[in-house]
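The values are calculated or read from the model by the stated rules, or taken from the named source; none is laboratory data. The shown structure was predicted, so the numbers you read here are calculated from the model rather than taken from an experiment. All Cβ positions, even for glycine, are placed from backbone atoms using ideal geometry, and neighbour counts span all protein chains on display.
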Amino acid sequence: MVDELKHIEIDPTQYTVDRYLPHVSEDDTWLFNSGRDYISQIGFYKAHKGIKTE
């Protein structure tokens, strides 16, 4: 089986990677900011995902 796998020819030009535009806000608030504490950072992540927090 190893010999068979060595002889398989694959054309890598047949495969593409989907690219997405980044999510950039107008007010320059980044999704990740190392200056935030843990709780504040999790709040930003949840808000970005549309998860309501109490």
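Observations on the structure shown:
- Pair list, Cβ under 8 Å, 6 or more apart: the range 9-35 residue within 14 Å of residue 45 (Cβ to Cβ) and surrounded by 10 or more Cβ atoms within 10 Å (Cβ to Cβ), other residue at pLDDT 80 or above and of a type in the set (Ser, Thr, Tyr): 31/45
- In the chain, the residues that are polar (S, T, N, Q) and part of a loop (DSSP other than H, G, I, E, B): 16, 25, 29, 33, 34, 53
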